1. Putting +1 on Lys and Arg Cβ atoms and -1 on Asp and Glu Cβ atoms, find which of B:CYS179, B:VAL364, B:ILE141 reaches farthest to the positive end of the dipole of chain B.
2. Taking just the alpha-carbon atoms of chain B, what radius of gyration and Dmax come out, in angstrom?
3. Got the relative contact order for segment B:1-97 handy, in percent, Cα pairs under 8 Å and 6 or more residues apart?
4. Rank A:LEU47, A:SER8, A:SER92 by how far each Cα sits towards the positive end of the charge dipole of segment A:1-119 (+1 on Lys, Arg Cβ; -1 on Asp, Glu Cβ) and give me just the farthest.
5. How large is the charge dipole for the protein assembly as shown, taken about the Cα centre, if only the Cβ atoms of Lys, Arg (+1) and Asp, Glu (-1) carry charge, to the nearest 20 debye?
6. Just which residues of segment B:226-268 lose 40 Å² or more accessible area with every protein chain there, against their chain alone, with the probe set to 1.4 Å?
7. Tell me, how many Å apart are the Cα centres for segment B:436-509 and for segment A:1-58?
8. Under a point-charge model restricted to the Cβ atoms of Lys and Arg (+1) and Asp and Glu (-1), what is the dipole moment magnitude of segment A:77-156 relative to its Cα centre, in debye to the nearest 20?
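The values are calculated or read from the model by the stated rules, or taken from the named source; none is laboratory data. Model, not experiment: these values are computed from the prediction. In this analysis, Cβ positions are derived from the backbone assuming ideal geometry, glycine residues included, and neighbour counts consider all displayed protein chains. Areas reflect the complete protein model, heavy atoms only, side chains present, ligands, DNA and RNA absent. Shrake-Rupley method; radii C 1.70, N 1.55, O 1.52, S 1.80 Å.
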Amino acid sequence: MSDYSAWSPEKAVEVIAAHADKEGALMPILHALVETFGWVPDEAVPLIAGILNLSRADVHGVLTFYHDFRRHPAPRHVVKLCQAEACQSRGSRALTEHAEQRLGMKIDAHGHGRGEVSLEPIYCLGLCASGPNALIDGRPHARLTPARFDALMAETVR
Amino acid sequence: MSLHVYVPGDMNSVALGADEVAGTLAIEAAKRSMTIEIVRNGSRGLFSIEPLVEIETANGRIGYGPVFPEDVKALVAAGLFDGAPHALCVGKPEELPFFKSQTRLTFARNGITDPQSFDDYVAHGGMKGLARALELGPKAIVEEVFQSGLRGRGGAGFPTGIKWKTVAETTGPTKYIVCNADEGDSGTFADRMVMEGDPFQLIEGMAIAGIAVGATFGYVYIRSEYPFAVAAMRDAIVTARKRGLLGKGVGGSAYDFDMDVRVGAGAYVCGEETSLLESLEGKRGLVRAKPPLPAHKGLFGKPTVINNVLSLAAVPYILAEGFDAYRDYGMGRSRGTMPIQLAGNIKNGGLYETPFGVTLGEIVNVIGGGTDSGRPVRAVQVGGPLGAYFPPALFDTPFDYEAFAAKDGLIGHAGVTVFDDTADMLKQARFAMEFCAVESCGKCTPCRIGSTRGVEVLDKIAAGEDREDNLVLIEDLCNTMKFGSLCALGGFTPYPVMSALTHFPEDFGRPKARLEAAE
């Protein structure tokens, strides 16, 4: 799991300012906010817009276009299961069903909010000859079986 | 001198336990008071033997694999550090048929060197391309790349030399080199392997591109699903600046070139070049209409060379060895080598670089060894989520841009994803539409609406509802998407859908296709 700072507008302004001079600064800024706080609250939108001299609509548009920019507080643990074709050919559909049962939730691109665990899809980690693959709290895992998945979950969620 | 032990540090090997293997090896060596130096090389590219541990011996490097963390203790006890025989010993990795039969130009160093060692890079032929490029000068570099026959490895296959020439001929003080490392296609990982396993090669290729067209800055746009590649490129760029490959006076010349890493944010469509440029500018990844071409108005409206990782990574070889050395490989208008990625349900999955012309059947059955599950091959998707599904009846198709197009398919980024006979091709067709609906940027109607309607129509077909009418409808919809979409996402999603329907009609409730074998 990751240690994120609690949201604070003052800290957010620091993070934003650190990247504001870059060409096309908005993407690096949103990434940096997610790295710092685990998410980008709506409150951040006017702060970014002000510093970059963009409209709030511009910032909102970018924030909501990309899957990676979480708009709710990050859960303690994030399990991303690959749903793409190469993993499908190696049994990812069955593994996904197993994971949904094990974690008691449906796989969901929007995540599961502030909870303990969130089960989310990811489309390809580029480990395509040794699927099914997952990214669990940022660490890659290959050749997953239901048993291996359960073992990893037991280590992750204590 | 300490013993060199190689344990790959690439994302795939780490996903298979390479970090734990390296850690246990260090502990076991310490217990024996041995000094070993563990080198985290890239993967050589055969994932059925990863993690592959290699020991440097007087006789060359001896490989053991796959070595999982729980194997290490026994392996060390059996004499691993002396290169002793063992059931997991594969001998010299380069002697394995999978590697021996390859022609590695772009992947010559991958798995052999320490990816972050600039000295290793130079000792294994790095920087020669830049040196010759500096002798030739901009105009001759462009000509060399044009003559090599190199075509865009991202999938479109557009001649790289023409792209460079177009940018070189524009005037104006600011131009950019953009490397498309948004390798989102399932079944592809060659870009990732270049960045993790030989990052200086890509940097050298970008620097040469900059000198050739008069650009002094470049970006490599890497997808966020590749955290190891992001870290490797960032580290390598810092080293490249220290060693004079980047910065003021590249390679001691009068040319300046520097670059930076930018990270995507989970949008597949950003692999489309104009969408990627929008994203780099800090905008939504909406596809741009062409013209204007990026070569004229690209990043921030400036002339821009935008090339795939594999295109740019091929450049140092072409410059170092001469255009003819590269051009003499291949067939027809597909020159040079293609790093083919064997993926999915395949026994010998991995990276196989070979000249164009090898047939799909050879790739899947001979080199790939058939399915990993041991069941018969049913379908092979070539070129990622937007590529066609090929049945074994079309396995005589040679790897060549034109030959694949003639069979209503595409090479794309040369990912080959194998499915065994448990695959349900209606489900695969539905997934193609579903994926397009999730990832559509929303700018054009055929893609945004068509993909959602496509999922609905395929669901009706699956439920047996007005089957024939709906099959006619899905064909019509595919035509609309193919010819009416702004970019390849909507335009190519019909490839997997229509190929599934054409070659596997029985999964859609139609009679089984007859002929085929004759093709």
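1. After comparing all options, I get B:ILE141.
2. Over chain B's Cα set, Rg and Dmax evaluate to 23.6, 75 Å.
3. 30
4. Farthest along the dipole direction, towards plus: A:SER92.
5. 760
6. Correct list: B:ARG262, B:ALA265.
7. Cα centres, segment B:436-509 to segment A:1-58: 39 Å.
8. Computed about the Cα centre, the dipole is about 160 debye.
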